[in-house]
Each structure stands twice: as structure tokens, then as C-alpha cells.
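Notes to accompany the following structure.
Taken together, the values in this text are just the output of simple stated rules run on the coordinates, not laboratory data. In this text, all values refer to a predicted model and were calculated from it rather than measured experimentally. Cβ placement follows ideal geometry from the backbone for every residue including glycine, while neighbour counts extend to all protein chains displayed.
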Amino acid sequence: MKKIRIVLADDHPIVLDGLRNLLRAESDFELVGEAASGLAALKVIREQQPDIAVLDISMPEINGIVACRRLSVELPDLRVVVLTLHEDRAYLNQALEAGARGYILKRSAVENLVQGIRGVMVGGTYLDPAITVHAFDGKRTNTKSAANRKAAPALTDREADVLKMAALGFTNKEIAARLDIGVKSVETYKARGLEKLGLRTRAELVRYASAQGWLAL
């Protein structure tokens, strides 16, 4: 059985120790590197090329969101799971825009980290259940209101399929392969769907998708 290769980065030794034990308890997980700072995390991730990087947001030198943004460009196949104390929606938005596939609160890591890793490994986006209470409470900015969304033109089946898969973290190329259509067609369906819904960013799409139940694993 091919193991899921993971790099873990957190600057708190006690937290790092606990997370290490949590991950090592899973027979299909392999912890291939650890780091206690943002720059050290980048170094070990570049060297080890893991499947998953679990990054704390608040780390010395560079924070987890900056690291995630760099890694999403350098290693597009890497799946980043952000682990944090921050429950503020602003941090969630920044993480999603940086390319994170998962957002998990430290206080619920024991219950949710393993599930989150498995979820993003199959192409999903995993958001801590506790944070969704704040993130999807209808107090949205830069998007249309719920009433306006209901009045928006209905998505075609193909537009909906493409947006669902985009929200789950699939690339345009992966979506094209799964739907047996061209990459250009994927881009067109995505653009049309986003325009109909009044959405502009991936964070907004993920929020909308969660509210619609598209992210259920």
C-alpha cells in the first residue's frame, strides 16, 4: 500500500510532538519531514516532495500562508493543509486564496486532522466544521446577497460540474480529464458559472460551494 507522505511544520515543540504522534498512529501515513519555521518548512518540503504539507500559520521567518502561496506555484501537486489557532474568517480567506486545500483548527486537530488529510488526498477541500459556522453565516463581502444569488441565472449542468470540481481543488486539466472535455471548455464553463453567481475568487467559490453542500466528503 502506497503511503501518504507528509511534512509537518509548527514552531511549538509540544504541539509538534502531539501532531507527530497523531500522524504516526495511522498505518498509511509516513511522516517524511518536520520544521519549526517557515523557511525550514520550505526547505524540507522542496527536498522531500511530500503529498501533504501541514503548516501552522504563525511561524517565524515567514508564516504558513506565505509559504503556502510560494509552494502552490513551485509544487502545484502538493496539497497544503493549514493548521491554526485562528478562527477569524479573514485568515480562512487568505489561506484559500494562497492555495490551501484544508483549514483545521488546532483545538480540534485530534478529531479532524486525519480526516482532513484523507479528504484533500482524494481531491477534496476540507474545512474544520467549527470554522464553517463563522465562514458561512451569510455575512459575506464582495459577493451577491443570498436573495440576489437566488435570482441569478441558473447554472447549466456542465457549469455546475466544473465549479463543484474547482471548489474541491481540482485543476482545469484534471477537470477536463474527468469530464472528457477540453481545458479551454473548462475555462469557459468556469468563467460563465462564476459570472452568473457573482463570484470572483477561489475563496468566494469555496464559501458558496460549502453553503450548497458541494464539499461534503
Pick from region 34-54, criterion touching a Lys or Arg at 6+ places or on another chain (Cβ under 9 Å) and under 15 Å from residue 5 (Cβ atoms), ranking: surrounded by the most Cβ atoms within 10 Å (Cβ to Cβ):
53
Does residue 14 meet the test of being farther than 22 Å from residue 129 by Cα and among the aliphatic types (A, V, I, L, M)?
yes
Of the conditions (1) among the charged types (D, E, K, R); (2) closer than 25 Å to residue 163 by Cβ; (3) out of contact with any Gly (no Cβ under 9 Å at 6 or more places or on another chain), residue 87 clears all except one; give me its number.
(2)
Can you tell me which of 89, 79 is basic (Lys, Arg), buried (at least 17 other Cβ atoms within 10 Å of the Cβ), within 26 Å of residue 205 (Cβ to Cβ) and touching a residue at least 60 places away in the same chain (Cβ under 8 Å)?
79
Only one of 192, 200 that is without any contact (Cβ under 8 Å) to a residue 60 or more places away in the chain, part of a loop (DSSP other than H, G, I, E, B) and basic (Lys, Arg)
200
